[in-house]
Structures are given as structure tokens and as C-alpha cells.
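Taking it in order: structure first as C-alpha cells, then the write-up.
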Amino acid sequence: MDTNTILMIVGGLILGAIIGFVLAKTLEKSNASKLIKNAKRKADSILRDAKKEGESIKKDKILQAKEKFIELKSDHEKVILSRDKKMAEAEKRTRDKESQVSSELAKNKKLNTEVEEKAKDYNYRLNFLEKKQEELEKVHNRQVKQLEVISGLSAEEAKEQLVESLKGEAKNEAMAYIQDKMEEAKLTAQQDAKKIIINTIQRVGTEEAVENCVSVFNIESDDMKGRIIGREGRNIRAIEAATGVEIIVDDTPEAIILSCFDSVRREIARLSLHKLVTDGRIHPARIEEVVKKTQKQIEQEIIEVGKRTVIDLGIHGLNPELIKIVGRMKYRSSYGQNLLQHSREVAKLCGIMAAELGLNPKLAKRAGLLHDIGKVPDAESDMETPHAILGMKWAEKHGEKPEVCNAIGAHHDEIEMTSLLSPIVQVCDAISGARPGARRQVLDSYIQRLKDLEDIAFGFTGVKKAYAIQAGRELRVIVESEKVSDDKASQLSFEISQKIQTDMTYPGQVKVTVIRETRAVNIAK
């Protein structure tokens with residue numbers, strides 16, 4: 001193939017390539033123009049839609065703004081109307097006040113003129129009265145001088161004589177009036193007092209006091225008597241030594257008699273025997289242990305009795321020491337009458353009588369319950385002081401009111417009565433003690449004699465315990481072995497018997513038994 005041919009082929013290929021490129025460009029331009037047209041159309045439609053939507057939003061906002069404006073305008077108009085209304089009301093009130101003030105000013109002017117006229121009239125009348133008074137004084141002085149000349153007395157002397165005569169008449173009339181009232185009061189007071197006392201006694205019903213010196217301890221069988229007595233009588237001696245109570249074991253079936261004038265010791269012995277018999281172990285060491293525990297139990301029971309008594313009577317705020325003393329009254333007697341029962345009865349009588357007289361019944365009950373606390377002695381009490389004064393001192397010490405203290409101290413006339421509670425307590429104490437069968441003088445003197453026997457024994461050195469037993473026919477004295485020897489024990493027995501013989505009056509004979517015991521105690525561990 002020649003060169004021209006090759007050139008022609010190459011030229012044809014190049015031409016074809018150029019034509020193809022031109023054609024491709026032309027197609028691209030046509031497609032691009034179509035795309036541009038389409039994009040323009042879409043853009044125009046989007047712009048139209050946006051304009052339409054903007055117009056609609058604009059119209060809505062304009063409508064909303066108009067509505068809001070109208071609403072705010074109406075609210076503003078309402079506020080303005082209310083302000084105008086308030087201003088109108090304020091103006092009306094101001095006008096009313098102005099008219100009222102003007103009317104009052106007019107009235108004041110009128111009143112001022114009337115006051116001025118009345119003041120002038122008053123001054124005129126005052127001057128007139130002063131002139132009349134001067135004239136009256138002159139006339140009175142002339143009359144007084146004439147009377148002095150006629151009577152021969154001065155005005156002062158006549159006045160003194162008149163006053164003295166009036167005093168005498170008034171005194172006579174007052175004495176007559178007082179005498180009439182006193183007689184009337186005596187008649188009515190006696191009737192009223194009888195009525196109050198009878199009503200008070202009728203409204204309080206109590207059992208008659210029964211106070212004795214023995215207690216009966218019941219047992220299941222007579223075999224228990226031998227166990228209580230013990231080998232060679234060691235158990236019964238241990239019980240008597242520990243409690244100070246005489247144990248009488250006789251032929252009485254299923255019963256043992258406990259004899260002692262002190263009801264506390266008798267109760268301790270009874271409870272101790274009950275515990276020993278129930279437990280079954282009866283020997284001297286066990287007996288001493290049980291008696292000590294029972295003594296503590298009785299002390300606690302005394303407090304409980306005092307609390308129950310105070311609660312039953314409705315008395316509040318009583319000192320614990322006074323409550324304990326009230327509990328101890330259960331185991332004391334007054335002329336054979338149980339002291340606690342007597343005090344409860346007096347308290348109830350005082351409360352009723354105070355209520356009848358219009359006084360404080362609670363305070364009267366308090367005074368009635370505490371009136372005999374001086375009869376419950378303790379280690380520090382002075383036995384020579386009357387029980388009423390001693391009870392008053394205890395009540396003052398423990399913060400009782402002056403009315404209560406005076407009622408306690410004056411119920412036997414040791415001191416002067418200063419309140420109405422004092423005669424009430426005195427009367428109620430007499431009523432309670434005067435009932436038939438309430439008191440027995442013989443029993444009280446008998447108990448006092450037994451106490452005096454024990455007190456004589458305690459007056460000697462080395463005496464640990466002293467018990468009057470067998471109705472005062474024997475005085476059993478327990479001494480401390482470290483302080484009293486065997487020789488001294490026999491001498492002590494003789495001295496006590498001589499002291500009893502010289503200082504006391506008693507029927508029959510008194511046996512003085514001195515017990516000296518030596519113990520050796522060791523503990524096995």
C-alpha cells in the first residue's frame with residue numbers, strides 16, 4: 001500500500017474521530033440545555049408555590065395580629081372603663097365627704113354659739129350661788145353665835161357631846177344586834193352541826209376493827225408439826241430467835257398458833273412458815289434465809305399498801321416517805337383499833353364533812369389520812385414528843401400545805417387551830433374512835449407494856465435482839481458473842497430483871513432469858 005493511501009486512511013480516521021467528537025459535544029449540549037430548561041421550570045414552579053404559601057402565611061399572621069390587636073384593645077378599654085368607674089366613685093365619695101364636712105362645720109358653729117351662751121349663763125348662775133352661799137354662811141354664823149349664847153357651849157363642845165351620844169346609842173344597838181345574831185347562830189349552828197355529823201356518819205360504813213395478838217397458821221397434817229419443831233426443838237427455836245414470835249404447838253388439829261404483840265413480826269413469821277412448809281426444807285440455816293427474804297417482802301408490801309390507800313382515797317402528789325408511813329399504819333394499832341383502817345375512816349369522814357361545808361374535800365381527806373402518822377415511830381423519832389406534834393413536823397418536812405400541817409398538829413389541841421380543816425379532823429377523829437367496839441384501852445396498855453419490856457433490854461450494851469413472848473411472862477434477849485461473854489450473859493440477865501422489877505408494874509413474874517451463840521462459818525470452794 002502506498003503512502004497516499006495510508007495518509008488518506010489516517011486522514012479519514014482522524015476526520016471520523018473529529019466528527020464523532022463534534023457529534024458527542026453536540027449531544028451533550030442538547031442534553032444540558034434540556035436539563036437546564038427542566039431545572040428552570042422546576043425552580044419557577046417552586047418559586048410560585050413558595051410565593052403562594054408565603055402569601056397565605058402572611059394573610060394568617062395579619063389576621064392573627066388583627067385579632068390580638070382587637071383583644072388587647074378590648075382589654076385596654078375594660079381597664080380604662082374600670083379606672084373611670086373607680087375615679088367616678090372616688091369623686092362621689094369626695095363630694096359626699098365635702099358635703100358632710102360642711103354640714104358638720106355648720107353644726108359646730110351652731111354648737112359653739114350654744115356653748116358660749118350656756119357658759120355665760122353658767123358663770124352668771126355661779127356668781128349668783130356664790131353670793132347666796134356667802135349670805136348663808138353669814139346667817140349660819142349668826143345662828144351659831146346665838147345658839148352658843150343660849151346654850152352656854154361652844155360649837156366644838158356641842159359637836160363632841162353629840163358624837164358621844166351617837167356613839168353610845170350605836171354601841172348599844174350593835175351589842176343588841178350582835179347578841180340576837182349570836183343566839184340565833186348558836187341555835188342554827190347546833191342543829192346544822194348535828195345534821196352534818198349524822199349525814200356524814202350515815203354515808204360512811206366501815207367494819208369494826210378487830211386487833212388481836214395471835215395468828216393461826218393452818219397445816220395439812222399433824223406430821224408437819226414435828227418437822228417444824230425439829231430435832232430437839234432446834235427448828236422452832238431458830239424461828240422464834242429469827243422472828244421474835246412465840247410458836248405454840250399444842251393439840252389443836254392441823255393448826256399452829258403464832259403469838260406476838262407486834263403484827264409486823266407476826267406476819268413475817270406467818271409468811272416464813274408458809275414458805276418453809278411449801279418448800280419442805282426446814283432447818284436453821286434455811287429458816288434464817290427465808291426470814292430475811294420475808295422481811296424485805298414485807299417492806300415492799302408496806303409501800304404497796306400505802307400506794308393503794310392513797311389511790312383509793314383519790315389523794316395525789318404525796319411524798320414517797322409519807323406513803324411508806326401510811327403503809328406501815330397497817331401493822332400498827334391505836335387503843336386496839338387498826339391505825340390504817342382508822343385513818344382511812346377519818347379521811348372519808350373529813351371529805352364528806354368538808355363537802356357539806358363547802359370546803360376542799362381532797363385537802364380534808366389528805367389531812368384526815370395523815371393525822372395519826374406520828375403514831376408510826378422510826379429510829380429518829382422522839383418518843384417524848386406528842387404524836388400530833390411529831391406528825392405535824394413530818395408533814396412540814398415533806399412539803400405538805402400549812403392547812404394540812406395545822407390540822408395534824410391541832411387535832412388533840414396541842415397547838416392553836418388556824419384553819420377550818422383542823423376542827424373537822426378533830427371531830428372526825430373523835431367520831432371514828434367513839435364507835436362502839438372500835439377501841440379497847442386494855443389491849444393497848446398491854447401492848448405498850450410488852451414494848452417497854454423490849455426497850456429495857458435494848459438499853460444494855462451488847463444486846464442484838466429482844467423479844468417479849470408468852471404474853472409478857474418471858475423476855476428473850478439475844479446478845480452479840482463478841483461483846484458479851486458467858487459470865488457477862490448471866491450478869492446481864494440479872495441486871496435486866498432488876499431493871500424490870502424497879503421500873504415496871506406487871507402481873508406475875510417475868511422470866512429473862514439471855515441467849516449467847518457462837519458460830520464458826522467456812523466456805524468450801
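Mind putting together the pair-distance distribution for the chain? All Cα pairs, 20 Å bins, whole percent per bin, short to long.
In order of increasing distance, the bins hold 13, 24, 13, 10, 10, 13, 7, 6, 4, 1, 0 percent.
Which listed residue (Gly433, Ser99, Met392) has the Cα farthest towards the positive end of the charge dipole for the chain, taking +1 on Lys and Arg C-beta and -1 on Asp and Glu C-beta about the Cα centre?
Sorting the options by dipole projection puts first Ser99.
Any idea what the relative contact order of the chain is, in percent, if you count C-alpha pairs under 8 Å spaced at least 6 apart?
Details: 505 pairs, mean separation 44.0, N = 525.
Relative contact order for the chain comes out at 8 percent.
Which peptide among 235-241, 165-171, 394-400, 321-327 comes first, and what is the full order, when sorted by highest mean count of other Cβ atoms within 10 Å?
Values: 235-241: 20.1, 165-171: 10.0, 394-400: 18.3, 321-327: 21.7.
Packing order, densest peptide first, comes out as 321-327, 235-241, 394-400, 165-171.
Using helices alone, what [θ] at 222 nm do you get for the chain, with -39,500 (n - 2.57) per DSSP H run of 4 or more residues, divided over all residues and rounded to the nearest 500? Can you show the working numbers first?
Numbers: 14 runs with 368 residues, N = 525.
Mean residue ellipticity, 222 nm, calculated: -25000 deg cm²/dmol.
What percent does the relative contact order of the stretch 209-313 come to when contacts are Cα pairs within less than 8 Å and at least six residues apart?
Working: 117 pairs, mean separation 29.1, N = 105.
That works out to 28 percent.
For all pairs of alpha-carbon atoms in the stretch 320-439, what percent lies in each bin of width 10 Å, listed from the first bin to the last filled one?
Spelled out per bin, shortest first, that is 15, 50, 31, 3, 0.
With both partners inside the chain, how many of the DSSP beta bridges are antiparallel, as a percent to the nearest 5?
Details: 16 of 22 bridges.
Taking every DSSP beta bridge within the chain, about 75 percent pair in antiparallel fashion.
Using a simple charge model, +1 on the beta-carbon of Lys and Arg, -1 on the beta-carbon of Asp and Glu, nothing else, what dipole does the chain show about its Cα centre, in debye to the nearest 20?
Values: 88 positive and 84 negative charges, 1001 e Å.
That gives a dipole near 4800 debye.
Between Ile248 and Gln470, what length comes free when the chain is fully extended (0.36 nm per residue of separation minus the Cα-Cα distance, one decimal in nm)? Let's see the in-between values first.
Details: separation 222, 0.36 × 222 = 79.92 nm, distance 0.93 nm.
Extra length available between Ile248 and Gln470 comes to 79.0 nm.
On C-alpha positions alone, give me the angle between the axis of helix 339-356 and the longest principal axis of the chain, in degrees, nearest 10.
60
Can you give the direction-averaged projected area of the convex hull of the alpha-carbon atoms in the stretch 445-525, in nm²?
6.4
Roughly how tilted is helix 234-243, in degrees to the nearest 10 and between 0 and 90, from the longest Cα axis of the chain?
That helix lies at roughly 70 degrees to the long axis.
Could you work out how far helix 284-313 tilts from the main Cα principal axis of the chain, as a 0 to 90 degree angle to the nearest 10?
70
Could you give the length gained by full extension between Glu288 and Ala520, i.e. 0.36 nm per residue of separation minus their alpha carbon distance, to one decimal place?
Working: separation 232, 0.36 × 232 = 83.52 nm, distance 1.58 nm.
Length difference between fully extended and current span is 81.9 nm.
A short reminder: the numbers here are calculations on the coordinates, not readings from a lab. The model shown is predicted, which means the values in this text are computed figures rather than measured ones. When we count neighbours, we look across all protein chains shown, and the Cβ atoms used for this are built from the backbone with ideal geometry, even at glycine.
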